[in-house]
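The values are calculated or read from the model by the stated rules, or taken from the named source; none is laboratory data. Bear in mind the structure is a predicted one, so any value in this text is a computation, not a measurement. All Cβ positions, even for glycine, are placed from backbone atoms using ideal geometry, and neighbour counts span all protein chains on display. These area figures cover heavy atoms from the full protein model, side chains too; ligands, DNA and RNA do not enter into them. Shrake-Rupley method; radii C 1.70, N 1.55, O 1.52, S 1.80 Å.
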Amino acid sequence: MADTYSNYADLATHKTLGTDYLISQRAVIGARGAHIAIHGGEIEAPTTQLADHCAATTNQSFYTFQGVMSSGNTTLHVTSTHFDEPILFQVLRTVEWTVSWHGASGSDLTTYISGLDTELIDAIRTRLIAGGFTVATTSPTENDGNNPLNIANRNRRGLGVHLALSRGLRESFYTGADLSLKSIADASRRTDAFYAYTSAVMAAVAETRPQSTADSDSAAPQTAPPVPSSQTVTSVAGYPGAGTVQMRMPFQLDAMGRIAVVTNPDRMLVQRSRAVVATTPGEYVGQPEFGSNVAAALFRPSDPIAPALINDAVRDAMARWEPDATITAIRPVAHDDQEGIVDVEVDVALTTTPAAEAVQTESVRIMPGGQVVGRSL
């Protein structure tokens, strides 16, 4: 079936980001590869979750485009050779290998694998077959990743893997074969097959593309820039005190009448994180793009999409403005008795802090009218 839209620009002209579709990315400093899902959400579920799990588990970069409309998400499908969303190219230009996750039709439990990274393809095929999964010997034309213009092959080396999973196989990854947005957003519904499959792919990547700074096949220097502002290892927010001493926020005086400051690294991270999450882009005059777009979820009904919007907004903003932070949990809580109010709690820790010692930010509250309020620390 022909695509409704010829490319991303065409799609973006007719559909609304944040309402009809979501874009999420994590450009990990030093990562050699990326797991991507350009047909995520309900376009070809659960490719977003498969790519995200593999990327997060192995600390590689990640990108997904998700269709989140109430129906008709397949109309958001832009074929792999025409998909040209700019943020994805910012991610791909920093990596040497790509696994691009896709769906295929069919009730059988089959994987179609293609692409120009033949070494990684052979390793993935071997691992999947050893794990009891069926891998087709050829791929249908619509699942052919051998075109150099296929998004899987648009990384620094021009070599990638196009991994297409049949509908039946994807349904086996969730309890009750339920691939609705609500179901795939719930990790507790994943079956053993989900983890067996992703483990096989991750093992194949690890044996053929080990995480190392040395690689004779590298076609570009390791300093190739990721998405804007994500190279720094400290806060890039631009407000006073991004070093060993930080002004307490909100502004206040201490008992001696001096400007109150914070010196504890964990405490500084907490208040910087609160500033990121609680600031709506445009509020900070000195850097109008600073902040997170959590307010985009305010006027949505209490459906599975609102928490996903908040989760993506927080992760994207923190990845950009606080790359030295590790997010261990995001908890958006809607108040059924208070229409239009959502509390968002984020657990963060410095990358050098054990996960068990992660500190929790104060709740950020999204109020009617779009106002985002962060409570005092």
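Take His35 and decide whether it is open to solvent by less than 40 Å² (accessible area, probe 1.4 Å) and either part of a loop (DSSP other than H, G, I, E, B) or closer than 15 Å to Trp97 by Cα (or both). Considered against the rule, which asks whether it is open to solvent by less than 40 Å² (accessible area, probe 1.4 Å) and either part of a loop (DSSP other than H, G, I, E, B) or closer than 15 Å to Trp97 by Cα (or both), His35 comes out as yes. For Pro240, the test of being at pLDDT 75 or above, assigned to a loop (DSSP other than H, G, I, E, B) and not acidic (Asp, Glu) is failed. So Trp101 ticks every box in (1) closer than 20 Å to Ser139 by Cα; (2) among the aromatic types (Phe, Trp, Tyr); (3) in a loop (DSSP other than H, G, I, E, B) but one. Which box is left unticked? Unmet condition: (3).
Please enumerate the residues belonging to the range 59-89 that are among the β-branched types (Val, Ile, Thr) and surrounded by fewer than 19 Cβ atoms within 10 Å (Cβ to Cβ). Give the derivation first.
Start the filter on the range 59-89 by keeping residues that are among the β-branched types (Val, Ile, Thr), which leaves 64, 68, 74-75, 78-79, 81, 87.
If the condition is that a residue be among the β-branched types (Val, Ile, Thr) and surrounded by fewer than 19 Cβ atoms within 10 Å (Cβ to Cβ), then Thr74, Thr75, Thr79, Thr81, Ile87 are the ones that fit.
Selection over the range 107-117 of residues that are more than 26 Å from the chain's Cα centre (by Cα) and either at pLDDT below 95 or of a type in the set (A, V, I, L, M, F, W, C) (or both) gives a count of 1.
If only residues of the range 112-148 that are open to solvent by less than 60 Å² (accessible area, probe 1.4 Å) and β-branched (Val, Ile, Thr) are counted, the one that is nearest to Asp84 (Cα to Cα) is Ile113.
Here Gln271 fits the description: touching a Leu at 6+ places or on another chain (Cβ under 6 Å), over 24 Å from Trp101 (Cα atoms) and modelled with pLDDT of 75 or more.
Within the range 13-32, being outside any strand (DSSP E or B), over 18 Å from Arg93 (Cβ atoms) and open to solvent by less than 40 Å² (accessible area, probe 1.4 Å) holds for Gly18, Asp20.
Consider the range 149-171. How many of its residues are outside any strand (DSSP E or B) and open to solvent by less than 40 Å² (accessible area, probe 1.4 Å)? Even if it seems obvious, please write down each step before you answer.
Filtering the range 149-171 for residues outside any strand (DSSP E or B) gives 149-160, 167-171.
If we keep only those that are open to solvent by less than 40 Å² (accessible area, probe 1.4 Å) too, we end up with 150-153, 155-156, 158, 160, 168-170.
Number satisfying all stated conditions: 11.
Take the residues in the range 167-197 that are of a type in the set (S, T, N, Q) and without any contact (Cβ under 8 Å) to a residue 40 or more places away in the chain, then tell me which one is nearest to Asn73 (Cα to Cα). Among those residues, the one meeting the criterion is Ser183.
Determine whether the range 243-260 contains at least one residue that is open to solvent by less than 30 Å² (accessible area, probe 1.4 Å), among the aliphatic types (A, V, I, L, M) and at pLDDT 70 or above. Steps first, please.
Keep residues of the range 243-260 that are open to solvent by less than 30 Å² (accessible area, probe 1.4 Å), which gives 246, 260.
Subset that is among the aliphatic types (A, V, I, L, M): 260.
Adding the requirement that they be at pLDDT 70 or above leaves 260.
Scanning the range 243-260 turns up at least one residue that is open to solvent by less than 30 Å² (accessible area, probe 1.4 Å), among the aliphatic types (A, V, I, L, M) and at pLDDT 70 or above.
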